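Written out below as structure tokens is the structure these notes cover.
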Amino acid sequence: MGQRKAVNVVCVAFVALVTVMWVATAIDKTFDMGWGWDSQILWLGPPMILFAVLLRFCAMAIFKFVGGNP
């Protein structure tokens, strides 16, 4: 149970961090704010989030399989 909760917390924290970076970069580039955010996150952010969610689902499947074995 603790492993599942930890995976969920780490996944949510990672997705939140990438989302904040993506939004800050989009605002910086759109309004020319001069914050200096790296524009690569605009195209790398969505695949990073998809991979994190896929990794979470794989971890949950492994935990379910291992937890089901006596």
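Rule-based calculations on the coordinates, nothing more; no lab input. Source: prediction; values computed, not measured. Virtual Cβ from ideal backbone geometry, glycine too; neighbours counted across all protein chains shown.
How much of the calculated P(r) for the range 2-68 lies past 15 Å, in percent of all Cα pairs?
Looking at the range 2-68, the distances longer than 15 Å represent 58 percent of pairs.
So what is the calculated 222 nm ellipticity per residue for the chain, using -39500 (n - 2.57) for each DSSP H run with n of 4 or more, over all residues, to the nearest 500 deg cm²/dmol?
Values: 2 runs with 58 residues, N = 70.
Computed ellipticity for the chain at 222 nm equals -30000 deg cm²/dmol.
Using the Karplus equation 6.51 cos²θ - 1.76 cosθ + 1.60 (θ = phi - 60°), what ³J(HN,Hα) coupling, rounded to whole Hz, does each residue of the range 43-48 give in order, writing x for Gly and Pro?
With the stated coefficients, the range 43-48 comes to 9, 8, x, x, x, 5 Hz.
Please give, to one decimal in nm, the separation of the simple spin-label points placed at Phe51 and Ala16, each 7 Å out from Cα toward the Cβ.
Label-label distance for Phe51 and Ala16, simple model: 2.2 nm.
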